[in-house]
Amino acid sequence: MLKITDLKAKVEDKVILRGINLEVKLGEIHAIMGPNGSGKSTLASVLAGKDSYEAEGTVEFLGQDLLDLDPEERAALGVFLAFQYPVEIPGVSNMNFLKTAINSIRKQKGQDPMVAKEFLARVKEKSALVELDAALNSRSVNEGFSGGEKKRNEIFQMAMLEPKLGILDETDSGLDIDALRIVANGVNTLKNEDNAFIIITHYQRLLDYIIPDFVHVLYNGKIIKSGDKELAKELEAKGYDWLKEEAEAV
Amino acid sequence: MEDLLLKTNDIGFVGDNSLLENTKVEALFALGNLKFPTRKDEAWKYTSLKSVQNRKFVTGDLLKSDKLEDFKVADMEANVLVFVNGHYSEEQSTILENNTDKIVISSLKAALNDNNNELSAYFGQTGSHTEEIFTALNTVNTKDGVLITVKENTVIEQPIHIINITKGTDIVAHPRNLFVAGENSMVKIISSYETEEGSSFTNSATEIMVHKNAMLDYYVLQNESVESVQVNNVHVIQKDNTNFSITTITTDGGLVRNNLKIEVDGKHCETKLYGLYFLRGTQHVDNHTYVDHIDTDCMSEELYKGVMNDQSTGVFNGKVFVHREAQKTNAFQSNKNILMTDEATIYSKPELEIYADDVKCSHGSTTGQFDEEALFYLRARGIDETSARKLLVDAFASDVLNNINIPALKEKVEARVDASLN
Ligand SMILES: Nc1ncnc2c1ncn2[C@@H]1O[C@H](COP(=O)(O)OP(=O)(O)O)[C@@H](O)[C@H]1O
Ligand SMILES: [Mg+2]
């Protein structure tokens, strides 16, 4: 359902992604690993439609080229990015934000707004899933949330929006084991044969809870190695240096 | 300045033996000494009124408004006083509260005819008509305005809405208001300024007297055409234990200068000043505020927020003066701005001048760009760009808007704010 072909991206004159090829099929979970600064967040942002990057190549998603679409159109098609650094938005309540998001997506799909009762029932169910304190919903988006609460709020939003493709950008970073389990449980509950996930992570520990079908290593703007979940274990044991050397030797 | 006087060529009631004659004569004499401000004057450094001097403004007739329903606040039961080109239109006004044991709501002219005692007692008592040139001009030139006197121990539930409309090309109007809140009274007043057609120079002057234990909330809505100029002077005197709040919302207009002066001349007072300005094109809005803490144990809180689009200019100059005797004053002041473009400008100068030693005061000013990260976050969740911008701007404005204690009015202001984004 997602086919990335020779995707390049730069900011001003700085080249960040240097030709990425990746295919994700329905029902799959792909993990993307790689050292800091290798371009993981850039890849995620380009997929979600951030316009500060100049992108070329093609990103085919459910028959459309994502690169031609606005971020909101991508969201309506089912792309969801759980941000590495969720933004605080003072003055916009989490509830109002979610309701607006859901109804904007429904509107783009030609559907009527969700009725209040259904919305509230979903909020209740999904916040329970990620063990998010219901009181947070009346607060401004992410404002004053702890690091863990912000990450769980991302997964909560994902659960509310039920995307086709969930991209998690280091959602596990900074989480303790309990929070990690909650996040993983959220993803595993949402996962089905009709959606897919890209899990960007630094550590293999999240992959003990969310079992990936494929693991890719991104380094210096390119995927330098792909494998199955064993690759993640190998990276954990040996670090990235051997791969870097391999990549640079080419 | 003399030019302006000659051009407007109308010296109202002077010489007609009225109650206000002395005040008018004082103002006329003062005009001999007061100089028309230029950018060399510190208080006018960023705002030039040259265009006013060079334009020929004319007085306008009392016309019928065809847009009154737009100017009113929907679903708000209120006493509505309508002025067109500075003249009171009794026909278009609706006064619900006629019980003069509770309140007098009247045009100034009618109050003069009735020899209203409070009018003669309080008109000009703030002294602004001899100190401030535009108030002096207003005093000499005014055709009419509003007198509101709330009697002691009276709560007025329905707000009083004064709608000042201009209709015509380069119309000059000098609306003049006097509000007196008696001891232990409570009232909410709204003044809106609208252009129905064409352009105007509106030179408004309002005096407000808040007696012991009284509460007065004042809302000023400025929404004139981009060809229009407005100078708006509000001078308030607060006595012991009073609460006064003013919220000034500027959503349209070409050149707007607001002078707000509040003398907190009593103990245990609360003073709140809120402002919101949403500018675009080449609009220029200047808010000058002055809070004078004269006595002890008072609190003042000021929050002005602005969004500047295109090539617009905002000016904020807020001064809080704490006299040596005004111990235990708490004064907070804040000005926050968003510049939407590189060509928009804000001059922000919060000032504290403190002579008492036992006080808590703070002031601050921030100016930032529009939060593009937040915009992307919202769009990535499916919210279209226009709605996302609106959501963020509403959020920015919310801590000012949340202080509007009349729900219907708040709704109207929110709609205006949203409209000014497009
Ligand atoms: N908006 C930007 N402007 C300039 N440099 C950027 C920008 N975004 C990312 N970069 C640079 O691109 C590289 C990759 O960043 P990023 O995608 O955040 O990596 P990762 O998520 O793998 O740690 C880094 O060197 C980073 O400094
Ligand atoms: Mg990153």
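The values are calculated or read from the model by the stated rules, or taken from the named source; none is laboratory data. Every value quoted in this text rests on a predicted model; they were computed, and no experiment measured them. When we count neighbours, we look across all protein chains shown, and the Cβ atoms used for this are built from the backbone with ideal geometry, even at glycine. We work out accessible area using only protein heavy atoms, side chains counted, and drop any ligands, DNA or RNA first. Shrake-Rupley method; radii C 1.70, N 1.55, O 1.52, S 1.80 Å.
Are any residues in the range B:306-316 open to solvent by less than 10 Å² (accessible area, probe 1.4 Å) and over 14 Å from residue B:260 (Cα atoms), and if so, which ones? Those that are open to solvent by less than 10 Å² (accessible area, probe 1.4 Å) and over 14 Å from residue B:260 (Cα atoms): B:306, B:307, B:308, B:312, B:314.
Might you let me know whether the range A:67-75 holds any residue that is within 16 Å of ligand 1 (Cβ to nearest atom), crowded, with 17+ Cβ neighbours inside 10 Å and not in a helix (DSSP H, G or I)? Within the range A:67-75, none of the residues are within 16 Å of ligand 1 (Cβ to nearest atom), crowded, with 17+ Cβ neighbours inside 10 Å and not in a helix (DSSP H, G or I). For the structure I just gave you, tell me whether residue A:19 is within 9 Å of ligand 1 (Cβ to nearest atom) and either within 24 Å of residue A:238 (Cα to Cα) or in contact (Cβ under 8 Å) with a residue 12 or more places away in the chain (or both). No; evaluated as a whole, the condition is false for this residue. Of all residues in the range B:384-406, those satisfying the criterion of being more than 10 Å from chain A (Cβ to nearest Cβ), open to solvent by 20 Å² or more (accessible area, probe 1.4 Å) and under 20 Å from the mean Cα position of the chain (by Cα) are B:403, B:405.
Just one of the numbered conditions (1) touching a helix residue (DSSP H, G or I) at 6+ places or on another chain (Cβ under 6 Å); (2) more than 14 Å from chain B (Cβ to nearest Cβ) is not true of residue A:113: (2).
Of the residues making up the range A:33-62, those that are hydroxyl-bearing (Ser, Thr, Tyr) and away from ligand 2 (no atom under 14 Å from the Cβ) are A:52, A:58. In the range B:189-211, how many residues are out of contact with any helix residue (DSSP H, G or I) (no Cβ under 9 Å at 6 or more places or on another chain) and either over 20 Å from residue B:272 (Cα atoms) or assigned to a strand (DSSP E or B) (or both)? Residues that pass the stated criteria total 12. Here residue A:166 meets the list (1) touching a Phe, Trp or Tyr at 6+ places or on another chain (Cβ under 7 Å); (2) not in a strand (DSSP E or B) almost entirely, failing just condition (2).
Taking the range A:88-161 and the helices (runs of 4 or more DSSP H) fully enclosed by it, the elements with 2 or more residues that are in contact with a strand residue (DSSP E or B) (Cβ under 7 Å, 6 or more places away or on another chain) and buried (at least 17 other Cβ atoms within 10 Å of the Cβ) are at A:94-108, A:147-161. For the range B:33-66, residues that are basic (Lys, Arg) and more than 16 Å from residue B:203 (Cβ to Cβ) total 5. Remark: pairs (first residue in the range A:167-178, more than 14 Å from chain B (Cβ to nearest Cβ); second residue away from ligand 2 (no atom under 12 Å from the Cβ) and modelled with pLDDT under 90; Cβ separation under 7 Å; 6+ apart in sequence or on different chains) = A:172/A:203.
Once the range A:43-57 is narrowed to residues that are touching a residue at least 24 places away in the same chain (Cβ under 8 Å) and open to solvent by 60 Å² or more (accessible area, probe 1.4 Å), the residue that is farthest from the other protein chains (Cβ to nearest Cβ) is A:56.
For the condition modelled with pLDDT under 90 and under 30 Å from residue A:178 (Cβ atoms), residue A:236 qualifies.
Against the criterion of being within 11 Å of ligand 1 (Cβ to nearest atom) and assigned to a strand (DSSP E or B), residue A:31 does not qualify. Considering only the range B:333-358, state which residues are closer than 25 Å to residue B:44 by Cβ, open to solvent by less than 30 Å² (accessible area, probe 1.4 Å) and not in a strand (DSSP E or B). The one that is closer than 25 Å to residue B:44 by Cβ, open to solvent by less than 30 Å² (accessible area, probe 1.4 Å) and not in a strand (DSSP E or B): B:344.
Checking A:10, A:14, A:3, A:40 one by one, the residue that is more than 15 Å from ligand 1 (Cβ to nearest atom) and among the basic types (Lys, Arg) is A:3 and no other. Restricting attention to the range B:183-206, the residues being more than 17 Å from residue B:228 (Cα to Cα) and open to solvent by 10 Å² or more (accessible area, probe 1.4 Å) number 4. As an exercise: evaluate residue A:10 against (1) surrounded by 15 or more Cβ atoms within 10 Å (Cβ to Cβ); (2) more than 14 Å from chain B (Cβ to nearest Cβ); (3) under 22 Å from residue A:214 (Cβ atoms); (4) away from ligand 2 (no atom under 16 Å from the Cβ) and give the number of the one condition it does not meet. So residue A:10 meets the others, but not (3).
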